[in-house]
Every structure is written in C-alpha cells, then in structure tokens.
Amino acid sequence: MIDQAITPEIVAANLFGLAGKTILVTGASKGLGQQTAKYLAAAGAMLVICGRDQQRLEQTLTSLAGIGHRSIIAELTDMDKLMNVAVECGKIDGVVHCAGIRGLSPMKLVSEAHLSEVMATNYISPVMLTRHLLAKQLIVNGGSIIFMSSVAALSGTVGVGPYAGSKAALIGVMRPMALELARRKIRVNTLCPALVETTLTTEDRPWFDEISKRYPLGVGQPEDIAQACLYLLSDASRAVTGTVFAMDGGLEYA
Amino acid sequence: MTERIAAITPPFNGTENFVLKGRTIIVTGASSGIGKAVAILCASLGATLVINGRSEERLQAVLDQLYGTGHQKVIGDLTEPDTREALIAAAPLYDGLAYCAGAASLAPVRMANEKHLQQMLSVNYLAPASLTQRLLYKKKLNNGASLVYVTALASRACPSASAGYAASKAALESYIRTLALEQGKQNIRATYVAPGYVDTPMLESLGTMIDMDKQSDLTPMGKIESTDIAPGVVYLLSPASRWVTRSILTIDGGLSIAMRL
C-alpha cells in the first residue's frame, strides 16, 4: 500500500521544491538575494534575477544550477523603467524582494533625503514592482510574493530608525495586498530576519562579532533565509498568507 | 578557478534539509486530524516516529500507514503522568517533538466555570508543558532537537465562547517562547504553529457551535485541511529551519489579516 519507491528525498523535492516554477529574485547580485537564487534554482526553479551590478549579477547567473535562467540589470528605484522590468520579467510563479539598503541615522539628525531614499528602495520599489507585475497579469494564480522585512520592524535598535520604518511599511502594505489577491490564491507574506552574515553586515567586523554574541543560535546565514523562501514559495505553504514570519536565532534583545 | 568549479557542480538540490532521515520524533495526537497528517508526512520524509493517541484502534491504523520501519505507538491520555513517562521512555533520545494533541471546548464566559477552565488548561497547557519538562529533565533531547507545538489562532483572535480554549493556548505559547530562550544555547529550538479553522474531527466535535462552512467562506484562501498544516510543522522540525526558534508560524488562509490581533 505504501509506495517504498517514493523516497524521503523525492517527497521533500515534491513538497518543498520548485520544479516547473519561475521565480523573480531582486537584489540577486550578492548577499541574501544571491544565496536565495542559488537555493531556488537548486530546488528546480527557473530564475529571473535582478540587480544593479552587471558583473556580479552575471556571476550569480552562471552559478545557478539548471538552465533557462535570465538576468535583468536594473535600477529598481527608477520608476520610469520599473514597468519595463516587469514586462521583461514575464510570467512568474513567485517573487522574492531581496533588494534593500541600510538606513542608519539618529532620529534627531536624520535628513529628509536619507529618509526618502531608504523608503524608496526598501518600500516603494518592491511595492511598485509588484504592482506592475500584477497589472500586467504576470503573477499566475497560486503564486507567492515574499517581501523581505526585518526584525527591525518588530523591535527597536538605536540608530536604525529610517530602516525600521521602511521595513515596517512592508508589513502594513502586505495585509491589504494579501486580501486583494486571495481570490486568485496568490499568497503574500513577509520574512523578518534578524542579523544575517553577508558582505553588507560584515563590513564592520568588530561590530558584527560583538552583536553575534547575543544570538543563542548564532547569526543567520543566507541559506536560512533561502530555505524559508522555499517553504513560502512552494505548494507546502498553500494556506499561508498575510503572515509575518520572524527568524532571529533566539535573540532576546535586538 | 574554484568559483568556476563551484558553478559547474550543483552541490545540493535545495530541499535536502527538509528531509528527516535519522531523526527520532514524538508525534502526539497522532490518531486523527493534524497529528495524523504530521505523522504520515514525517514518516514519508524518513523520520522514525513514536506516535501517541488515546484510541488504540485509530493509532494502529495510522501506524500501518507510515512509510519506513521502526515506528512505535504509545497509547494513552497525556494528562496522565504514566502516559507521558511511557512516551519519554520509548526511545533513548529524541530529535523532535510534534505536539499536536489538544481539545477544543466552547463556553461563553458567564458559563465557563472553573471546571471548564481547568479542563482546557489541563489538556492544552499542562500536558504539553509537563511532557516538555520531563523530556528536558531526563535529558532525552539530542543537540539540534526541534520542539514544535500546535497552538491556535484563537489564542490571539479570541472569538466568542473561546475564553477557556484561547487562554489555554496562549498559556502554552508563552511557555514555548520562554523555553526557546532558555534552550537556545543548547541548540534546542522551540516554535509553534497556529492554525486557523482546519477541517478536523476536533472541530467537527464542536458540532453546531462552529459553522465550518461559514468559517471557510470567511477565510480568504478557502478551506484549510490538516495536510496544509503538516508541511509547516515539518519545516520547523527540520534542519531547514535551524535558525528559527521562539517564532510563530500562522497557517490560517489569511483569516486573521482583518483582525487586530
């Protein structure tokens, strides 16, 4: 009665894998976006990767397992070009918005320019890109949209105001979007990771090493984010929408 | 040169860490509903299981369906210490716990007497807490063990007549978060899945007090089955979620989106 030929590996690949699906990953030149793209490709997805740095994007592209992947070089804050990015992307089963920047400033000194810049990259761009994909009917029924928010949207750290505001905005916009898309069975969710080891976060190595000590399970690796994305993009999470999923290695104080 | 080699050789297939081979996992409430779906899925992913339920017949039926060998059953009610000890003693060490056993009973607050409140607490909070305490005290958890509990959206949504039930699940959630903080340094994780309205015998037993069709209509993504919950539990049990602890995974088809939780 039980088919012994269906091995655990096959079960995992069918349930959590992405064979036959096309996924857009922004911010794929490095860090979270790059490793996420690699995992999704290894799990059978066709990738459309997007980034600003042509050379690094090409490196990511060649590193992806499988064939048929494409890259789009684009500055996602260029609102005039964003619709073109969506059209060039074509039909997709899911999107992971990894493109984002830091936003560090004490709040009594922050400039409006910096606040706007952080908001534009971290909130306006992913939301408008999603808007264009939806307007052009490029996200299929049953698709999955992931916004990369942050633990900073759920807890406070001195100096992180502009970043925290932009990441919290994603949580707010996710809910109406999830309701609007539910009838087409398109899920919308946010990931809220804490500190993940990337070139961005390890720039200040002493700071990074010091902060790492606060994490009972250690800091995150891009693979942790990538695998959470696999769960949220695959059919395993069919009934999951409008959620905030925090991943923080057991951190008590951010 | 090494970059190019790395590019040629796919080092993995992306989903390996969702496999549960070599992991011994307790699944409670495995006779029916969510627990049954979790047990079947865990076994199909290669786990060795110790399954628990109160009904010998239904538990055996689940055992017969499981992929792989070496699984065991421990029959009994988890509110009884003997059952908990028997479950703990069934294997030398555990890599996971999927606590799916629970009971739902509805009563508006003016009718929810102490007996009702205690009954909800006993099944939904004290039983899982006591099992957990004993697992830790007896050092039965391997490094890298993952403890996953099925709580409920109700703990935050608090619909009418759910005070006893909601409070019992909320108690468990606070317990789990504390546990996760304490055990992080031991590389033992604790998380919980909060389902919305799932078509299970437990909700069926509430009869006309819950209109499942109405709840499905209200749920943006439509009806939720136990097989929608099980993959979330498995993700949290597996090495794929090795960095996730003290977190909640809500699987409710979007029902709570419009609620101020």
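Read the figures in this text as sums done on the coordinates, not as results from a lab. Fair warning: this is a prediction, and the values are worked out from it, not measured in the lab. Note that each Cβ is placed from the backbone with ideal geometry, even for glycine, and that neighbours are counted across all protein chains shown.
Figures for the structure shown
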| quantity | calculated |
| --- | --- |
| Amide H contacts under 5 Å for B:ARG23, placed H, 5+ residues apart | B:THR48 |
| In sequence order, calculated HN-Hα J values of region B:245-254 (Karplus, 6.51, -1.76, 1.60; Hz; x Gly/Pro) | 8, 6, 10, 10, 10, 8, 10, 9, x, x |
| Karplus (6.51, -1.76, 1.60) ³J(HN,Hα), θ = phi - 60°, over region A:68-77, in Hz, Gly and Pro reported as x | x, 6, 9, 10, 10, 8, 7, 9, 6, 8 |
| Cα-only Debye scattering, region A:1-135: base-10 log of I(q)/I(0) at q = 0.12 Å⁻¹ | -0.53 |
| Part-to-part distance (alpha-carbon centres) for region B:204-261 and region A:68-117, which is given in Å | 31 |
| Between 0 and 90°, nearest 10: helix B:56-65 axis offset from chain B longest Cα axis | 30 |
| More than 36 angstrom apart: percent of Cα pairs within chain B | 13 |
| Nearest-ten-degree value, helix B:127-137 long axis tilted from longest Cα axis of chain B | 40 |
| Cα Rg over Rh - region B:22-62, Kirkwood | 0.94 |
| Which of B:CYS100, A:CYS89, B:CYS42 has the fewest Cβ neighbours within 10 Å, and the rest in rising order | A:CYS89, B:CYS42, B:CYS100 |
| Value of [θ]222 nm, deg cm²/dmol, for chain B, DSSP H segments ≥ 4, -39500 (n - 2.57) each, nearest 500 | -11500 deg cm²/dmol |
| Residue-averaged [θ]222 nm for chain A, counting only DSSP H segments that reach four residues, each worth -39500 (n - 2.57) | -12500 deg cm²/dmol |
| Relative contact order %, region B:47-91, counting alpha carbon pairs below 8 Å whose residues are six or more apart | 42 |
| Given charges at Cβ of Lys, Arg, Asp, Glu: the protein assembly as shown dipole, positive-most of B:TYR137, A:ALA65, A:VAL95 | B:TYR137 |
| Cut-off under 5 Å, modelled amide H: who pairs with A:GLY103 long-range | A:TYR163 |
| Cα-based Rg of chain A normalised by 2.2 N^0.38 Å, two decimals | 1.00 |
| Total charge dipole magnitude, region B:115-261, about the Cα centre, Cβ charges on Lys, Arg, Asp, Glu only, Debye to nearest 20 | 960 |
| Region A:16-242: relative contact order in percent, alpha carbon pairs under 8 Å with at least 6 residues between | 22 |
| Amide H contacts under 5 Å for A:ALA246, placed H, 5+ residues apart | A:CYS192, B:ILE248 |
| Rounded to whole Hz, the Karplus (6.51, -1.76, 1.60) HN-Hα couplings of region B:160-172, x for glycine and proline | 3, 6, 9, 3, x, 5, 4, 5, 5, 6, 5, 4, 4 |
| Counting all C-alpha pairs of the protein assembly as shown, share separated by more than 44 Å (%) | 14 |
| Angle in degrees between helix B:33-44 and the longest Cα principal axis of chain B, rounded to the nearest 10 | 10 |
| Chain B: relative contact order as a whole-number percent, Cα under 8 Å and 6+ apart | 20 |
| Cleavage-rule hits, trypsin sites (Lys or Arg not before Pro), region A:94-197, DSSP coil, Cβ neighbours within 10 Å at most 12 | A:LYS108 |
| Rough spin-label spacing in nm, given labels placed 7 Å along Cα→Cβ, for A:GLU210 and B:SER205 | 5.5 |
| Proxy reagent accessibility, fewest Cβ within 10 Å first, across B:ILE257, B:ILE51, A:ILE171 | A:ILE171, B:ILE257, B:ILE51 |
| Exceeding the 19 Å Cα-Cα cut-off - candidates A:LYS38/B:LYS185; B:LYS115/B:LYS169; A:LYS91/B:LYS223; B:LYS36/B:LYS73; A:LYS81/A:LYS136 | A:LYS38/B:LYS185; A:LYS91/B:LYS223 |
| Debye-sum result for region B:33-144 in log10 I(q)/I(0), which assumes one identical scatterer on each alpha carbon, at q = 0.19 Å⁻¹ | -1.03 |
| Per residue, the convex hull volume that the Cα atoms of region B:88-167 enclose (Å³) | 92 |
| Of the DSSP H helices in chain A, those whose Cα atoms cover at least 18 Å axially and whose Kyte score averages 0.5 or more | A:161-181 |
| Neighbour-count order for A:LYS21, A:LYS30, B:LYS139, fewest beta carbons within 10 angstrom listed first | B:LYS139, A:LYS30, A:LYS21 |
| Theoretical FRET efficiency, 1/(1+(r/R0)^6), r = Cβ-Cβ of A:GLU117 and B:GLU182, R0 35 Å, to 0.05 | 0.25 |
| Gyration tensor (alpha-carbon) shape descriptor, region A:160-199, a/c threshold 1.5 | oblate |
